[in-house]
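Notes to accompany the following structure.
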Amino acid sequence: MYLRIGALEGWRLLRTGLLLAFIISVIAGLVYSRIMAYSLAPTLSVADLHGLPIWLIPIAYLIDYFSHGWICLLFAFIAAGLIYELIPKHLITTYMRRGRSAGYLLALAAAPFLTVCSCTMVPLFAGVLYSGAGIGPAITFLLMAPSANILAILLTGDMLYWELAWVRLAVSIIVALSAGIVVSKTPWGRSVERECHNTAQTAVAVSGVERHLDEKLWAALKFGGYLAKQILPYFIIGLIAVSYLEAYLPTDIVGRYLTGVGGVLIASVLGGPLYTPTLVEIVVGKGLWSLGMSKGALLAWLMGQPYDVANALAVSKIAKWRVVLTYMVIAWLGSVVFGLLYGVLSGSL
Amino acid sequence: MGNKVLGVVKVLGPGCPRCQETKRLVINALAELQIAADVQEIKDPKEIAKLGVMFTPAVIINNQLVSQGRVPRYEEVKKWFTDRAPK
């Protein structure tokens, strides 16, 4: 009996050690590769793509990206999985019940760490709405999560540049917060809130089963893998599309339409309704940027992510259409205003 | 054999692959343990929210939230049922 328990404990310890070693080596690999500017292959430029035969363009582009992007992607998915798994979810649920301002704070603080696909986003939105925090924090959460989660920020920084990643994060906070506050003041926002408050909450007891660290780590890696499986196919399709875009789209067209005030407007309108799955907006943004889109338009394009049509459709089943339209208009205005502002400040409009 | 009855098992999730996997684990565990239960799949986000759940997939057994925001392990699922089923 003792021996069996000993063997089990030993196996646990070994598994925990191996998993931790793997995670730490990925982090170390990321830091090392960024410090040493290491890459498996020389980076391609737009000019290199022009000379290639048509079938080789996407292959060369993919090899080029993954030869230096793989470590960041790997790290991003592991981090997303770890944080989602280890975050104390029952605490979030409890604090959300504390009321409005706690709700806003929590929505802003938690959204970046909860990497969500649309599938987890909608229950989260509904959950916040019904938890007692109300419509404002729910909208804030909804707008924050797609554009400011750890996966999107890491990839924005790595594929584009880090200043943009921080600007994107800051602008997301401002836009999400103001949209939440405005919607919660509108009559239709209030009526949605009242409806939710009237429905009695079913009290549910949580009987926690303490899990071992190795189980948690393994579950986290599995969740990271699941996210990768959901997101990477679209990401790769996006890269292939962008490789042709970069190879064949003349730079003067992008330069003509996606710069200046008009460029910001066009980018902000394209960014929203054009449904781009998570992370693909970064890939396409990179393509357009290297073809001459201004930085202002680039930010406006990225800020379009939270108000895409698919998200809006899902939310409209829970909240009213007026609520959806209100937050979409505010998010769109935010993307235009901050796109222009960033364009002016960075000297690239 | 097969006459152990557990109340209501609710699997909450909007129909994503992880929720499907959780439902499969629940059904398999009940079958293996020969426990009868009313397994309900709750897909409507409003209904999920009304049950006080924010993170899916989640499992509620007789009004007790046993797991949320993750796919449970099969052994864990079996333990929930054996702990709760009448002996």
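The values are calculated or read from the model by the stated rules, or taken from the named source; none is laboratory data. Bear in mind the structure is a predicted one, so any value in this text is a computation, not a measurement. As a convention, Cβ positions derive from the backbone with ideal geometry for all residues, glycine included, and neighbour counts pool all protein chains shown.
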Those residues of segment A:52-91 that are among the charged types (D, E, K, R) and within 30 Å of A:T16 (Cβ to Cβ) come to a total of 2
Please go through segment A:307-349 and pick out each residue that is within 21 Å of A:V192 (Cα to Cα), touching a residue at least 60 places away in the same chain (Cβ under 8 Å), of a type outside the set (A, V, I, L, M) and assigned to a helix (DSSP H, G or I).
-> A:Y307, A:N311, A:R322, A:T326, A:Y327
Search segment B:1-22 for residues being away from chain A (no Cβ under 14 Å) and surrounded by 15 or more Cβ atoms within 10 Å (Cβ to Cβ), and hand back the single one that is farthest from the chain's Cα centre (by Cα).
-> B:K4
Please find, among A:V183, A:V254, the residue that is more than 16 Å from the chain's Cα centre (by Cα), at pLDDT 90 or above and either closer than 27 Å to A:Y307 by Cα or polar (S, T, N, Q) (or both).
-> A:V183
Subset tally (residues that are within 12 Å of chain B (Cβ to nearest Cβ) and assigned to a helix (DSSP H, G or I)) for segment A:211-241 | 13
Say whether the condition of being over 20 Å from A:V171 (Cα atoms) and in contact with a Phe, Trp or Tyr (Cβ under 7 Å, 6 or more places away or on another chain) is met by at least one residue in segment A:245-268.
-> no
Would it be correct to say that A:S294 is within 29 Å of A:W188 (Cα to Cα), surrounded by 21 or more Cβ atoms within 10 Å (Cβ to Cβ) and not hydrophobic (A, V, I, L, M, F, W, C)?
-> no
Quick check, is A:G287 away from chain B (no Cβ under 14 Å), outside any loop (DSSP other than H, G, I, E, B) and either hydroxyl-bearing (S, T, Y) or touching a residue at least 12 places away in the same chain (Cβ under 8 Å) (or both)?
-> yes
Selection status of B:F81, surrounded by 14 or more Cβ atoms within 10 Å (Cβ to Cβ), touching a helix residue (DSSP H, G or I) at 6+ places or on another chain (Cβ under 9 Å), facing chain A (nearest Cβ under 10 Å) and among the aromatic types (F, W, Y) | no
Within the bounds of segment B:64-71, is there any residue that is facing chain A (nearest Cβ under 9 Å), within 11 Å of the chain's Cα centre (by Cα), surrounded by 20 or more Cβ atoms within 10 Å (Cβ to Cβ) and farther than 18 Å from A:E215 by Cα?
-> yes
Candidate set from segment A:76-93 (those that are free of Cβ contacts under 8 Å to residues at least 24 places away in the same chain and part of a helix (DSSP H, G or I)); member that is farthest from the chain's Cα centre (by Cα) | A:L91
Turns out the helices (runs of 4 or more DSSP H) fully within segment A:96-157 with at least 2 residues that are more than 13 Å from A:I181 (Cα to Cα) and more than 10 Å from chain B (Cβ to nearest Cβ) are A:100-110, A:135-148, A:150-155
